[in-house]
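Here is the structure we will look at.
The values are calculated or read from the model by the stated rules, or taken from the named source; none is laboratory data. All values reported here derive from a predicted model rather than from experimental measurement. Cβ: placed from backbone, ideal geometry, glycine included. Neighbour counts: every protein chain shown. Just the protein is used for accessible areas: all its heavy atoms, side chains included, with ligands, DNA and RNA removed. Shrake-Rupley method; radii C 1.70, N 1.55, O 1.52, S 1.80 Å.
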Amino acid sequence: MKPRLDHIGIAVRSLDAAKIYESLGLTVEHTEVVETQRVRTAFLSVGDSNLELLEPVDAASPIAKFIEKRGEGIHHLCFRVDDIESHLARLKAEGYRLINESPVPGAHGCRVAFLHPAAGNGVLIELSEKIES
Ligand code: ZN
């Protein structure tokens with residue numbers, strides 16, 4: 001399977017930011033605290049992809065630091081992949097900087113890993129593998 005755009009992550013001060021998308025007719029279908037990222041997330045599906053709103057749970061959250069430095073806005077793109085380990089190993093071998101060299105738990109019980117923004121020309125890229133249970 002080719003990677004698919006799973007979601008666009010948007011850094012917000014509050015999940016109340018969902019209101020504009022709800023006014024567009026989208027619905028918050030899932031909210032979850034992701035401890036590894038210190039964020040509260042809300043997912044709104046848009047066709048085959050989703051918006052992921054990211055609200056920091058505390059000042060130590062990477063999202064809090066992002067908002068402090070750059071303000072609210074688009075934070076990352078997430079690609080759904082099969083076999084996340086083989087993607088990480090290949091990217092590393094090709095010289096791309098990784099934030100997570102091995103997958104960590106993400107929202108929806110997925111296994112996720114972030115590449116360094118320098119690897120994506122300023123775009124923070126997340127890979128996500130869905131675990132079928
Ligand atoms: Zn994400």
Name the residue that is surrounded by the fewest Cβ atoms within 10 Å (Cβ to Cβ), counting only residues in region 41-52 that are more than 16 Å from Phe114 (Cβ to Cβ) and touching a residue at least 40 places away in the same chain (Cβ under 8 Å).
Asp48
Can you spot a residue in region 53-76 that is under 18 Å from Ile99 (Cα atoms), surrounded by 12 or more Cβ atoms within 10 Å (Cβ to Cβ), at pLDDT 95 or above and in contact with a Gly (Cβ under 7 Å, 6 or more places away or on another chain)?
yes
Starting from region 119-133, take each residue that is more than 13 Å from the ligand (Cβ to nearest atom) and list its partners that are at pLDDT 95 or above and in a helix (DSSP H, G or I), counting only C-beta distances under 9 angstrom and pairs at least six apart or across chains.
Ala119/Leu91
Per the filter on region 89-118, residues within 16 Å of the ligand (Cβ to nearest atom), assigned to a helix (DSSP H, G or I) and either open to solvent by 70 Å² or more (accessible area, probe 1.4 Å) or touching a strand residue (DSSP E or B) at 6+ places or on another chain (Cβ under 7 Å) (or both) are Ala107, His108, Pro117
Counted residues in region 6-40 being within 11 Å of the ligand (Cβ to nearest atom) and either without any contact (Cβ under 8 Å) to a residue 40 or more places away in the chain or closer than 19 Å to Val123 by Cα (or both) come to 8
